[in-house]
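Asker: Following this message is one structure expressed as structure tokens.
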């Protein structure tokens, strides 16, 4: 029992020494950048309202307009093919109902042709949707790259520690809002 008491006392002293060595500043000063320093300054933070930037950024407006034109063009192409197919399918049904085919074989061939045409319309819809999704992805990436590149050069002189997207921010003081600076800078840098 006496040995265990001695061991506990020694362990207690060892823990106290480790505590002092680890948590107490014996040198009189802390190393810069450890985050616990009383003289370290607060982080310099700014935020950008991305929806406002995208609404005013000329490159984003141009790319979005081009995407919408492509979307309308693809929609028109798809609708023309779909309407043509529907008209031919309706004509086929009417012809079958009135017995307009000379042979059953001829009716079957026409039905197979229409089924192929239907598959072609569905494939066109899928391909055009894929193209639009790819274009949207490329546009998004181009805009993100442009904004990121601008923010790097902008922040070289401003020296913000953090620049946030306000979309995930619930509240922010207006003095930290750099949206107008970013939008103006992006538009100034953009050359159509």
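The values are calculated or read from the model by the stated rules, or taken from the named source; none is laboratory data. Quick caveat, the model's predicted, so the values are computed rather than measured. Here the Cβ positions follow ideal geometry from the backbone for every residue, glycine too, while neighbour counts run over all protein chains shown.
Asker: Which of the residues belonging to the range 154-179 are surrounded by 11 or more Cβ atoms within 10 Å (Cβ to Cβ), assigned to a helix (DSSP H, G or I) and out of contact with any helix residue (DSSP H, G or I) (no Cβ under 8 Å at 6 or more places or on another chain)?
Answerer: The answer is 155, 158, 176.
Asker: Across the range 124-145, which residue is nearest to the chain's Cα centre (by Cα) among those that are more than 23 Å from residue 54 (Cα to Cα) and either surrounded by 12 or more Cβ atoms within 10 Å (Cβ to Cβ) or touching a residue at least 40 places away in the same chain (Cβ under 8 Å) (or both)?
Answerer: 129
Asker: Also, I was wondering about something else. Identify the residue in the range 78-99 that is farther than 11 Å from residue 114 by Cα and in contact with a helix residue (DSSP H, G or I) (Cβ under 7 Å, 6 or more places away or on another chain) and, among all such residues, is surrounded by the fewest Cβ atoms within 10 Å (Cβ to Cβ).
Answerer: Ranking the qualifying residues of the range 78-99, first place goes to 96.
Asker: I'd like to know if the range 32-43 contains one or more residues that are under 29 Å from the mean Cα position of the chain (by Cα) and modelled with pLDDT under 90.
Answerer: Yes: the range 32-43 contains one or more residues that are under 29 Å from the mean Cα position of the chain (by Cα) and modelled with pLDDT under 90.
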